[in-house]
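Inspection log for the structure reproduced underneath, given as structure tokens.
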Amino acid sequence: MNGVMNGVMNGVMTDGTWVLATSVAGVPACVAAVRGLGPVTVVALGSRELAERAAACGPDVVRWCEPEAGVPVEAYAAALADRLAQAAPRPWLVVADSSSGARALLGAAAARIGAVLLSGVGSVTARGERLVVERSAVGGAVVQTLETAGPLAIALDVEEDAVVTGSAPIEPWALGAPAAVRVVRRPSASAASGLADATKVVAVGRGLRARADLELVEQLAGALGAELACSMPLADDLGWLDKSRYVGRSGQTVAPRLYLAVGISGAPQHLEGIRGAKVVAAVNVDPAAPVFRRADFGIAGDLYEVVPALVAALAE
């Protein structure tokens, strides 16, 4: 108990809050989410532009490490985790956005400092001696509230338009040698899937109950003459579709004339991938799903009823 009490004073963390930043877009919301929870240190693993963007968000300090040429940020996961385990202030809360590189760093850090690791987090606060997080679950249909005594590592579902202003010093931060991983080539996943140049895209998410039911959405895509895409869980977690078809911040960015989201709740990282779409339509059983705030047209209904009806209407 004394160790916990030493970490919190008047609802504010006195141990360190660390933000792991690998992309310019994710920094503002991550810093905004933890302001007021104690000293905030941003570890900017990337370009000087990233470090400067992080500093402008108003943390207490930015510790900057520029990766070697051709070395992905994931190669520094073990080295960064070792530095955090010895860092001051002691890491009590470690935060990253949901991009693939940041998640790799966060997972390694959590394992090294013995932190509880949570993804899909929308907010974090301090309640007395404990940290309280809210995160989406069941495909965004419900919100879980969880408490822990910490340390805690969270992947945030960040909102890109979060605004934090200020400035902070930028300090070079040397990490240990990266793992022996190099980028040899970057396959053109967009070209392989056809999403890059598609004028129509039908995307499916966790509203789909079974892999076999993909046929329903494939029929709709075929009727529209559209490319098939998906949200991150279907490609990353379930493997129902190839990762080249995942649309989102860490996946593909598309700009079709029509984007039809089927069974997708509308997490911020997914919506970032469709910012260039001219018209967005959505089908979701939950009328309060965030995707409807982005959609030009929407149907609040069960995709298992709506999709066959759309296919039939298009056939006529």
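The values are calculated or read from the model by the stated rules, or taken from the named source; none is laboratory data. Since this is a predicted model, take the numbers as computed values, not measurements. Using ideal geometry, Cβ is built from the backbone for each residue, glycine included, and neighbour counts are taken over all protein chains shown.
Some observations on this one:
- Consider region 80-90 and keep the residues that are farther than 17 Å from L37 by Cβ and charged (D, E, K, R). The one that is surrounded by the fewest Cβ atoms within 10 Å (Cβ to Cβ) is D82.
- Residue in region 257-301 that is surrounded by the most Cβ atoms within 10 Å (Cβ to Cβ), counting only those that are under 26 Å from V121 (Cα atoms) and of a type in the set (D, E): E272
- The one condition from (1) out of contact with any Leu (no Cβ under 8 Å at 6 or more places or on another chain); (2) closer than 24 Å to S100 by Cα that F297 does not meet is (2).
- Region 91-129, subset over 20 Å from A235 (Cβ atoms), at pLDDT below 85 and not small (G, A, S), residue surrounded by the most Cβ atoms within 10 Å (Cβ to Cβ): E129
- When the residues of region 224-248 are filtered to those that are small (G, A, S) and surrounded by 16 or more Cβ atoms within 10 Å (Cβ to Cβ), the one that is farthest from the chain's Cα centre (by Cα) is A226.
- Failed condition for V217, given (1) modelled with pLDDT of 90 or more; (2) among the β-branched types (V, I, T); (3) closer than 22 Å to D157 by Cβ: (3)
- Condition check for A155: modelled with pLDDT under 85, surrounded by 15 or more Cβ atoms within 10 Å (Cβ to Cβ) and small (G, A, S): no
- Every condition in (1) outside any loop (DSSP other than H, G, I, E, B); (2) surrounded by 21 or more Cβ atoms within 10 Å (Cβ to Cβ) holds for V254 except the one numbered (1).
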